[in-house]
Each structure stands twice: as structure tokens, then as C-alpha cells.
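A short write-up of the structure that comes next.
The values are calculated or read from the model by the stated rules, or taken from the named source; none is laboratory data. The structure presented is a predicted model; accordingly, all values stated were derived computationally and were not measured. Cβ: placed from backbone, ideal geometry, glycine included. Neighbour counts: every protein chain shown. All accessible areas refer to the heavy atoms of the entire protein, side chains included, with ligands and DNA or RNA removed. Shrake-Rupley method; radii C 1.70, N 1.55, O 1.52, S 1.80 Å.
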Amino acid sequence: MTEPRLSNQKVDPVQEDYLQKKAHYQADTVAVHYDATRWSSPSRRWSNQRKLRTIAKAIDHAARLHEPIRTALDLPCGTGRIFPVLFARNIRVTGADLSAEMMHVARNKFHDAPGQKGFVRCDAESIPFSTDRFDAVFSIRFLFHLQPAVRRRALSEMARVSRRWVIIDCRHRYTMKYRLRELQRRLGLSSKIYQPLSREELKEDFRQAGLEPVMIFPTFPIFSDKWVILGRKIR
Ligand SMILES: C[S@@+](CC[C@H](N)C(=O)[O-])C[C@H]1O[C@@H](n2cnc3c(N)ncnc32)[C@H](O)[C@@H]1O
């Protein structure tokens, strides 16, 4: 049950949206239908394929730098969207998510995959693994929903449990999409929560987490507002 709110209490809209999303994914019905609804149209499926290909490029880049990824934590793993890309590169994957329901769907889909090394229910703000536990932590379609302070806390946790790499996606400002959204917002046509980062903000997030961005991979240059970033832990 949600706490009653006092009328004069100010609620940060980003935080409120995040709390709603946390609760949303705990529902059985949401988890069971997630794949079918999330990737329902051809354009969504195409954008999913593009994202997966971009993540693959980041993994291959890490290998070219002679530090290949053999073990990974995928947080939040949801229904295991990126698992096939990781398994195809022989990465042993632990899935983690706040929602047992989403992980249940992932487990059913991938229980017999040799690279699947189990699931852990946890909050990204406090990850129950020791420091340097995995070669890499992947966090896709997650951090850009969080308030800056929460985002930096979660990213720091990811950096802590990774020995070397953190691979995330983010929304950025260097696209047509950003300009269009800004225009809509100024004209009062959209009140959607949208927190695209500048390069400086991204670097600052990484710096505070003890990471450096090694390479930025646009998912669809000019048009898409998503980057996949390969970040390396600063020793
Ligand atoms: C949009 S899905 C993304 C999942 C997956 N990475 C993907 O790309 O499909 C968001 C997931 O984040 C999980 N989640 C939300 N808040 C979380 C938190 N604080 N810690 C861990 N998982 C969280 C939800 O349960 C949900 O499964």
C-alpha cells in the first residue's frame, strides 16, 4: 500500500515515476506480457535489434582491448532481453532484478542455457555481491529513469562489483529527437519525464562512480537519442 501524502509535501516527479515503475514490474501480469507488449510493433522490434547489435559492439571492443568479458551481472535483467547476446559470446551471466516476476519469465526462457548462472533479487542501489565480483556489469534501459543522485548511487554500486567493465545505455542531447522533445516541452505539449545527458554530465556520472567512458556507441546516429557506453573501472 502506498503511504498517504500530506498535501504540502513536494514530490520529485522523477522519483515518483521511478517508484511507480518499481511497483509496476512486480505485477505478474506485467511480467508475463512484457515481451509481447514491449516489442509489439515492427519499429520497436527493429529498435531492439539495433540496441542488441550495439551492445554486442561494446563487448567486442572490450575483447579487442585484450580484456574480454567472461562473467557478467545483468542488472536489471528484466525478462532476459540481452541474455542471447551475452550467451553468443560465451559470457556466463547472473541476472539480477528487483522483480521476482520479471526474473521468473527470464528463468523460464533461459533455464537450459549453459551460460545462465542464476538469478538474484536485489535493488540496484545496494548490490549484494562482493567488490570486483564480475568482469562486467550490464545495465540497459534503467539508469535514465532515475533521479541524478539515485542514478549515481546505482552506477557506483555497479562499478564496485565489476572488476573492469560497466556497460550501460543512456539518453543524450545530440540528436533530432532531443530537439523535438525540447520544442514539445516548451510549447507545453509534453510533460513526459525526459533526462537526456550532455557529454559532460555523462563523464561526471562516470567519474563519481570511479569509471571512465572508453567508447560511446550510438544506437542509430543522428536520429536515436540512445548511446551504449563502454565504461572502464579506474584502478
Ligand atoms: C524496462 S525494464 C529493463 C530490463 C532489461 N534490462 C531490458 O532491457 O529489458 C526495467 C526493469 O528494472 C527493474 N527495476 C526497477 N527498479 C529497480 C531497482 N531499483 N533495482 C533493480 N531492478 C529494478 C524492474 O523490475 C524491471 O524489470
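Observations on the structure shown:
- Distances between placed amide hydrogens fall under 5 Å for Leu211 paired with Ile234, all partners being 5 or more residues away or on another chain.
- Charge sum, other residues only, whose C-beta stays under 10 Å from Phe142's C-beta, Lys/Arg counted +1 and Asp/Glu -1: +1
- Rg/Rh for the stretch 121-177, where both radii come from Cα atoms and Rh is the Kirkwood radius: 1.02
- Here the Karplus curve 6.51 cos²θ - 1.76 cosθ + 1.60, taken at θ = phi - 60°, turns the phi angles of the stretch 219-232 into couplings of 7, 7, x, 6, 8, 7, 9, 10, 10, 9, 10, 8, x, 10 Hz, with x standing for Gly and Pro.
- Given a 1.4 Å probe and the protein chains as shown, Ile222 ends up with an accessible area of around 110 Å².
- When the C-alpha to C-alpha distance is required to be over 30 Å, the pairs from Lys109/Lys177; Lys10/Lys233; Lys51/Lys203; Lys21/Lys117; Lys22/Lys226; Lys109/Lys192 that qualify are Lys109/Lys177; Lys10/Lys233; Lys109/Lys192.
- Computed over the chain with a Gaussian network model linking Cα atoms closer than 10 Å, the most mobile of Lys177, Lys192, Lys117 is Lys192.
- Within the listed set Asp12, Asp205, Asp74, the Gaussian network model of the chain (springs between alpha-carbon atoms below 10 Å) gives the highest mean-square fluctuation for Asp12.
- Ordered from largest to smallest accessible area (heavy atoms of protein chains, 1.4 Å probe), the residues Phe142, Phe206 come out as Phe142, Phe206.
- Solution diffusion estimate, µm²/s, Stokes-Einstein, the stretch 178-235, Kirkwood Rh from C-alpha pairs, 37 °C, viscosity 0.692 mPa s: 250
- Once C-alpha pairs closer than 8 Å and six or more residues apart are averaged by separation and normalised to the residue number of the chain, the relative contact order reads 18 percent.
- Computed [θ] at 222 nm, deg cm²/dmol, the chain (DSSP H ≥ 4; -39,500 (n - 2.57); rounded to nearest 500): -13000 deg cm²/dmol
- Charging the Cβ of each Asp and Glu at -1 and of each Lys and Arg at +1, and nothing else, the dipole of the chain about its Cα centre rounds to 720 debye.
- Derived scalar couplings between HN and Hα for the stretch 107-114 equal 4, 4, 6, 10, 4, 9, 7, x Hz in order, rounded to whole Hz, by the Karplus curve 6.51 cos²θ - 1.76 cosθ + 1.60 (θ = phi - 60°), x for Gly and Pro.
- Per-residue 3J(HN,Hα) values for the stretch 68-73, derived from phi via the Karplus relation 6.51 cos²θ - 1.76 cosθ + 1.60 with θ = phi - 60°, read x, 8, 10, 10, 8, 10 Hz in sequence order (x marks Gly and Pro).
- 1.4 Å probe accessible area per residue over the stretch 105-235, in Å²: 51
- Positive-end extreme of charge dipole, the chain - chosen from Thr131, Ser190, Gln20 (charges on Cβ): Ser190
- Using the Cβ-Cβ distance between Arg133 and Arg38 with R0 = 25 Å, the FRET efficiency computed as 1/(1 + (r/R0)^6) comes to roughly 0.30.
- Net charge dipole, the stretch 48-130: roughly 420 debye, given to the nearest 20, about the Cα centre with Cβ charges of +1 for Lys and Arg and -1 for Asp and Glu.
- Surface share of carbon and sulfur [accessible, 1.4 angstrom probe, percent] for the stretch 13-233: 54
- Rg ratio (alpha-carbon, reference 2.2 N^0.38 Å) - the chain: 1.01
- Cα radius of gyration and Dmax for the stretch 86-218 (Å): 16.8, 52
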